[in-house]
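S.K.: Have a look at the structure that comes next, please.
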Amino acid sequence: MPLVRIDAMGTDGERLDALGRAVHDALVETVGFPSDDRFQILTGHDGTRSTLRYDDYLGVHRDDGIVYVAITMRSGRTPAQKQALYRRIAELAHAYAGTEPRNVFVTVTENGPADWSLGNGEAQYVTSG
C-alpha cells in the first residue's frame, strides 16, 4: 500500500490528476501494486502563497516545472525495482503531463507492517499478515 504525495509548481487540477495517474501507473507496472491500491495527496503550488525550492544539484537543471514525488511503502523492493519505478514515473509524467523528466524528483521511504493503519484504528498488516 503506497502513500503518494505529489507537489508541483504552477499547476492546475488537470495536471495534478495526470501526475497522479503517472505515478500510480508506474507503481502498478514496475512494483506490482494492485490497480485499486491508490492513496494520493496532490498539491499545486502557485509560487506566492506556497512554493517549492530547488537548485541544480548533481548537474540536473530544474525549473518551475519541478514535481516532487514522495512515496511511502512497506519495505521489500529491490534497488532494480526502484530504479525501474523512477524511470517509469519520469516517462509517464512526461507523456501524461508534459513534465520534463529532469524536473521529476522522487523519494521512497520504506517502513514495516506495524507502521500502517488503513482505517478503523486497526493495524491491518499486523493482524492479517
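S.K.: Based on the Kirkwood radius over alpha-carbon pairs, what value in µm²/s does the Stokes-Einstein equation return for the translational diffusion coefficient of region 1-118 at 10 °C and 1.306 mPa s? Numbers along the way, then the final one.
M.R.: On the way: Rh = 14.6 Å.
Using the Kirkwood radius from Cα pairs, D works out to 109 µm²/s.
S.K.: Also, I was wondering about something else. Using a 1.4 Å probe over the heavy atoms of the protein chains, calculate the carbon and sulfur portion of the accessible area of the chain as a whole percent.
M.R.: The value for the chain is 50 percent carbon and sulfur by accessible area.
S.K.: Rolling a 1.4 angstrom probe over the protein heavy atoms, how many square angstrom per residue are accessible across the chain?
M.R.: 57
S.K.: Another question about this same structure. Per-residue ellipticity at 222 nm for the chain, helices alone: DSSP H runs ≥ 4 residues times -39500 (n - 2.57), over residue total, nearest 500 deg cm²/dmol?
M.R.: Mean residue ellipticity at 222 nm (helix-derived): -11000 deg cm²/dmol.
S.K.: How much net charge surrounds L118 when only the other residues with a Cβ under 14 Å from the Cβ of L118 are counted, with Lys and Arg +1 and Asp and Glu -1?
M.R.: Taking every other residue near L118 into account, the sum is -2.
S.K.: Expected output is a single nm value to one decimal: the length gained when fully extending between T107 and N120, i.e. 0.36 nm times separation in residues minus the C-alpha distance. What is it?
M.R.: Going from the current span to full extension adds 1.8 nm.
S.K.: Something else about it: Loop-only trypsin sites (Lys or Arg not before Pro) in region 1-110, please: DSSP not H, G, I, E or B, and at most 11 other Cβ atoms within 10 Å.
M.R.: Listed in order of number, the matching sites are R49, R53.
S.K.: Angle between the Cα long axis of helix 13-31 and the longest principal axis of the chain, 0 to 90 degrees, nearest 10?
M.R.: The angle comes out near 50 degrees.
S.K.: Using a Gaussian network model of the chain whose springs link C-alpha atoms within less than 10 Å, name the residue from V108, V23, V69 with the highest mean-square fluctuation.
M.R.: Taking springs between Cα atoms under 10 Å, the residue moving most is V108.
S.K.: While we're here: What angle do you read, to the nearest 10 degrees and between 0 and 90, between the alpha-carbon axis of helix 79-97 and the longest principal axis of the chain?
M.R.: Between the helix axis and the principal axis of the chain, the angle is about 50 degrees.
S.K.: Rg and Dmax of region 81-129 over Cα atoms: what are they, in angstrom?
M.R.: 16.0, 42
The values are calculated or read from the model by the stated rules, or taken from the named source; none is laboratory data. Every value quoted in this text rests on a predicted model; they were computed, and no experiment measured them. Reconstructed Cβ throughout: ideal geometry from the backbone, glycine too, with neighbour counts over all protein chains shown. All accessible areas refer to the heavy atoms of the entire protein, side chains included, with ligands and DNA or RNA removed. Shrake-Rupley method; radii C 1.70, N 1.55, O 1.52, S 1.80 Å.
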